[in-house]
Amino acid sequence: MEEADLKQKLLTLSRILYKEGFLDSFGHISVRVPGKDYYWITRGEPSGKGDFDVRDLVRVDFHGNKLEGQGQPPVEYIIHTVLHRSRQDAGCVVHVHPYHCILLTVAGIRFVPLTVQAATFGDSLPVYDVPGLIITPDEGATMLDIMGNAKAILLRGHGVVTAGATIEEAFYLTYHLEESCKFLADAHRLGPVIPLTRAEIQKRLDYVKSRPADKNPYAKVWAYHEFKTRN
Ligand SMILES: [Zn+2]
């Protein structure tokens, strides 16, 4: 995809996440440009978030230096810098603060997958166990280390970071992580929970992998929400 198209798609993601309540006063998203050593990120200044256009994007290199744009990167830009620099599979990074994801971390409930969609995250998720912003290079390196190769990390008392190969995958991960955490919180209120087995998780992962890119669950969830939040 061309750089200009990637930027437009990032803006679409911004609109969807705003309409679905993920991007509010806080939160930011970014996309790496394939073959380049920089990424585009939503600016950090106070804004309504729902009507961003290309002037609200900032270009940042893999050392965290701003290269282009009218605004400033968000204070937690290091989250995006370390992931885009270190992980080839992190083409799009989302940092938001969904209620049920945070609820699990402050209730001391370990993430386990209960549903088909939750299988995407495997049998557990890493937790960054410091309830503060991730701003310094040391904090970014620690988060990256704890995250390992996981598609998402829970930040105790703070939020989540998700990393998708594509913008569609990053949205799927963000949306379904919050939904999965809501299932988990509600299921715990009702009684013992029944996590997916490793075999059940693998079956789902194999299925997702077998689907062509334009027909996989990421594409379906994106198409539905793109339409829903446009109409
Ligand atoms: Zn944050």
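The values are calculated or read from the model by the stated rules, or taken from the named source; none is laboratory data. Just so it is clear, the structure is predicted and the values come from calculations on it, not from any experiment. Glycine also receives a Cβ, built like all others from the backbone with ideal geometry; neighbour counts cover every protein chain displayed.
Where strands (runs of 3 or more DSSP E) fall wholly inside the range 62-175, the ranges with 1 or more residues that are within 16 Å of the ligand (Cβ to nearest atom) and in contact with a Ser or Thr (Cβ under 8 Å, 6 or more places away or on another chain) are 92-96, 152-155, 159-164. Whether any residue in the range 36-47 is within 19 Å of THR166 (Cα to Cα) and assigned to a loop (DSSP other than H, G, I, E, B) is what I want to check. There is at least one residue in the range 36-47 that is within 19 Å of THR166 (Cα to Cα) and assigned to a loop (DSSP other than H, G, I, E, B). Note on the range 192-231: among residues that are more than 29 Å from ARG110 (Cα to Cα) and of a type in the set (Lys, Arg), the one that is modelled with the lowest pLDDT is ARG230. Of all residues in the range 158-205, those satisfying the criterion of being surrounded by fewer than 13 Cβ atoms within 10 Å (Cβ to Cβ) and over 29 Å from HIS28 (Cβ atoms) are ARG189, LEU190, GLY191, PRO192, ILE194, THR197, ARG198, ALA199.
Checked against (1) buried (at least 19 other Cβ atoms within 10 Å of the Cβ); (2) in contact with a helix residue (DSSP H, G or I) (Cβ under 7 Å, 6 or more places away or on another chain), MET147 passes all but a single condition, namely (2).
Restricting to the range 57-71, count the residues that are in contact with a Gly (Cβ under 8 Å, 6 or more places away or on another chain) and buried (at least 18 other Cβ atoms within 10 Å of the Cβ). Please lay out each step first, then the result.
First, the residues of the range 57-71 that are in contact with a Gly (Cβ under 8 Å, 6 or more places away or on another chain): 57-59, 71.
Restricting the remaining residues to those that are buried (at least 18 other Cβ atoms within 10 Å of the Cβ) gives 57-59.
Residues that pass the stated criteria total 3.
Within the range 163-221, the only residue that satisfies the criterion of being β-branched (Val, Ile, Thr) and in contact with a Lys or Arg (Cβ under 7 Å, 6 or more places away or on another chain) is ILE167. Scanning the range 206-231 for residues that are surrounded by 13 or more Cβ atoms within 10 Å (Cβ to Cβ) and within 15 Å of ALA119 (Cβ to Cβ) yields TYR207, VAL208, ARG211, ASN216, PRO217, TYR218, VAL221. Taking the criterion of being within 15 Å of the ligand (Cβ to nearest atom) and over 13 Å from VAL93 (Cβ atoms), the residues of the range 17-42 that qualify are PHE22, LEU23, ASP24, SER25, PHE26. Within the range 148-160, residues that are farther than 13 Å from LEU173 by Cβ and touching a residue at least 24 places away in the same chain (Cβ under 8 Å) reach partners that are outside any strand (DSSP E or B) and away from the ligand (no atom under 14 Å from the Cβ) with beta carbons closer than 6 Å, at six or more positions or on different chains, in the pairs ARG156/ASP129; GLY157/VAL106. Checked against the criterion of being small (Gly, Ala, Ser), crowded, with 17+ Cβ neighbours inside 10 Å and under 13 Å from the mean Cα position of the chain (by Cα), the range 104-127 contains not a single residue that satisfies it.
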